[in-house]
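**Student:** Please find one structure pasted underneath; my questions will follow.
Readers should treat all values here as calculations from the given coordinates under stated rules, not as data from a laboratory. In this text the structure is predicted, and so the values were computed from the model without any measurement. Neighbour counts are summed over all protein chains in view; Cβ atoms, including those assigned to glycine, are modelled from backbone coordinates with ideal geometry.
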Amino acid sequence: MERDCLPCFISDHEGFHGTIKNSPKDFVVIEIDDHGQPVNSSHIQKELTKKPSQANQTTIKGIVKSKQSTSDDAYPLNQDCFDLSIILGPAVNKELEQFTNRMKMGASPSEHDELENMEMSLGTFLDKHQRAVVHRAVRHNFPFLQTVTNQSEIRVREDPDFKELSKLASEEEAEEFIRFIDSKVPGTVFTFLPDDSKEHRTSVHHFVSRRFGKLVETKSFSDQQKTSITVRLRDRSKQPKKRTITDCQAEEEVTLYTAFTLCKENLETLEAISYMAAVLGVLPSDFTYAGIKDKRAITYQAMVVKKISPKQLMEKVSEFERRGMQLSHIRPVSESLKLGRLLGNHFDLVIRDLKCHEKCRVTNLNKLVKEAVENVKNKGFVNYYGPQRFGSGLCVQADQIGLALLKEEMETSVKLFFTPEDGDDLQNKAKRHFLLTGNAKETLALMPAYKARERLMLRALHRYGSEQEGCTRGWLSLPHSMRLFYLHSYCSRVWNEAAAYRLQKLDFKPVQGDLVWGGCEKGLEDVTEELKAPQVHVVTYEEEKDNVFSLNEVILPMPGNTVKYPENLLGQWYLNRLAQDGLGMCRFRVTPLKLNVPGCYRPLLAKPQSISYSLQTAEELETTSQKLKSGAPILTLAFDLNASCYATVCLREIMKCDVS
């Protein structure tokens, strides 16, 4: 299969031709944040002040946000607050009390294993300070619980330390000890009840030393022929630095984070970041974002910049506008933005110059468009990665660089990185000069200032040379997310080819050996790539025969070091495909570059939500000064897609032709 050939369709309608991205304003992309709000919405601040009961089960423009508590947005919580009904909200607090009551009641032998693994989610808390408040309050009220953060979600389960200690001391004494440990007040002392058994005291000493040795020191002392154990919290100067809420606040005074919404036109996300970094005098790695957006479009996305105050950013707004970037919703925040921290994207598209395909049986455009939109609305589309995933290069694309990096062919990867495209602009002239001469210093002088990635690489190559070690240093000079982008690009290419192979060689329904989502409480409507191996189920022969699953439940693995491959023809195809690229024994780790690709799972099909359309003429759509071809049919289309789904791929299914 050719690099950009995506041969399979799901629907059988005839489709139509048209022109997309005739201008940036014909392709508008608006990121939908993890509160379910468009990032350019004036209602963002209103959403952030919702109470937990209002925030649960939020549905915005058809993208469903799974149940989560957003109580971190409801109140400016104080670190001394321990009232869980305020911190978590009454409903979640009640669930927590029921959870702890069941745990305290104990379990019958048949329920023992279930109780051992019992967990409860308290919800998602996006602010790190308020996550600390939740952890501290839950531990204060329920010392026998362990709180664990997974990304921004906090879950609770039985604390194995408490369970072990409660076998050595009374439950009440164990609770007091855990509260003492959590207080982290240097120099304070906790004394266990007198204990005449030396063997038992030794067990207590060993437990405390093993579990909390870095925090405390223990000692036995005798008083009136009774021996007790005292535990003293070490002074901070004598123990490893451990982050507390106070530490976070102190750090916040030093490290500034400023959030904003970036509107860019005809610019790549990384190119926009490079330009802003140069203007602000920070590194491109100081910018974080939830996702990369199209170049040939007007896009709105959330960003956070480190070490820059809102005032400093405001002072540069006019300079950014001259480069085609507008900044809004500028505000201080407490942390950077994680990649993938969004629900999806809203698209407003204009498709011009509509016409029927050759040999099309239906010539009525209204009928063609209606049938196409309804089919995709109901059946979805093959969830291919779009061309943006592979970069804008025609001669060399990002997946080729990613393959070279996975094979640790550093010199080859750098040559691919500097392979020029057609054209005589400054960056291509500089790249040609580097490949011709290998002189990084001279190339650096030719490379435009806004090409931050290339300039960072060239500086490292000038300093360390262009051999294997120097090229490795060159890649390490780039932000981690940029290095990882190339590996993910290669894995995405393999996924696209796997999806095409799966639909060509196997049935358009789940078959034996296919992988499906194994979680019984969750559908795939709001899932993109966050499926982990323990929740993956292999379709059996009986399930295939009984049609237990549908095609939109099938998931395909992105190659990585933790994924499970299908147990049918497709699984063997993956192994052959990787071997073909010289990756037969690949661990999907590039240790010299500190890169690790665990892999993940992606639904084979995706569906647009809240889709609407209108067929018009140019006169109806444009103002008089903007008229294009008189009477040319124009389709305006709006829909939402979940994160990591591509509008161009959705359009391809609707129009039944390749678009870009």
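**Student:** At 7 Å along Cα-to-Cβ for each site, give me the label-to-label distance between Val279 and Lys184 in nm.
**Tutor:** 3.9
**Student:** Going out from 0 in 10 Å bins, what whole percent of all Cα-Cα distances in the range 364-494 drops into each bin?
**Tutor:** Histogramming the range 364-494 at 10 Å steps yields 12, 36, 26, 10, 10, 6, 0 percent.
**Student:** Turning to a different aspect of this structure: Under a crude label model (7 Å from the Cα following the beta-carbon direction), how far is Lys545 from Ser614 in nanometres?
**Tutor:** 5.5
**Student:** Treat each spin label as a single point 7 Å out from the Cα along the C-beta direction, and report the Thr437 to Ala579 distance in nm.
**Tutor:** 4.7
**Student:** Next up: From zero outward in steps of 10 Å, how is the percent of C-alpha pairs of the range 185-238 spread across the bins?
**Tutor:** Result returned by the calculation: 25, 52, 21, 2.
**Student:** Same structure, new question: Filter the cross-link list Lys306/Lys431; Lys25/Lys607; Lys128/Lys451; Lys104/Lys184; Lys264/Lys431 down to pairs whose alpha-carbon distance in this structure exceeds 29 Å.
**Tutor:** Cα-Cα > 29 Å for Lys306/Lys431; Lys128/Lys451; rest within.
**Student:** What FRET efficiency, computed as 1/(1 + (r/R0)^6) with R0 = 25 Å and r the Cβ-Cβ distance, is obtained for Ser209 and Lys167, rounded to the nearest 0.05?
**Tutor:** It comes to 0.90.
**Student:** Want the number for Arg587 to His17: 0.36 nm per residue separation, take away the alpha-carbon distance, what's left?
**Tutor:** 200.8 nm
**Student:** Calculated FRET efficiency, Asn561 and Glu95, Cβ-Cβ r, R0 30 Å, to nearest 0.05?
**Tutor:** 0.25
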